[in-house]
Amino acid sequence: PVMTYNVLTPAFGTPEFFAYAEAQARGSTAAAARWPKIEAQLRLGMQKQAIIAIQEISAQWAVKLINRSGGDYAFSWKPTENMHIGVVLAWPKVIYDLVEDSVRSYVARSQSDVWTAAYERSSATLFARL
């Protein structure tokens, strides 16, 4: 299975941008309210051992996801130029191997939810183990 999810980084999911949603459910656009729902959906994908492609994910949320994955998933992060948001490609290690990397991206390391670019990598080409 493959799962794709545009999580809308907290910087863009503000009450000002989503006044209608905020008016319908006060506090619904807050990152603290949104993250548990997003994480629950991502966990469902992980339980199904899906390849997961995430767009508009903040560095902080990417680190949270990596820290809570239990080590069963491998991650490739490609930030935007300002390093505040980016995309993540995640895959279950027991099924897929990283075979090739060809576009600039970063792999994460975290300490206290602080993002650090561990080393430069490239965009992932995955193959299932047969």
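The orientation-averaged projected area of the convex hull spanned by the Cα atoms of the stretch 42-87 comes to 3.0 nm².
Mind giving me the FRET efficiency for Asp97 and Ala21? R0 is 35 Å, r the Cβ-Cβ distance, nearest 0.05 is fine. Walk me through the numbers before you get to the answer.
On the way: r = 41 Å, r/R0 = 1.16.
It comes to 0.30.
Under a no-solvent Debye model with one identical scatterer per Cα of the stretch 1-93, what's log10 I(q)/I(0) at q = 0.17 Å⁻¹? After summing over all Cα pairs, the log10 values are -0.72. Note on the stretch 17-66: Cα Rg divided by 2.2 N^0.38 Å, N the number of residues, gives 1.31.
FYI, it's all coordinate maths here, none of it is from the lab. Note that the structure is predicted; figures quoted are calculated from it, not measured. Positions of Cβ are generated from backbone atoms using ideal geometry, with glycine treated the same way; all protein chains shown enter the neighbour counts.
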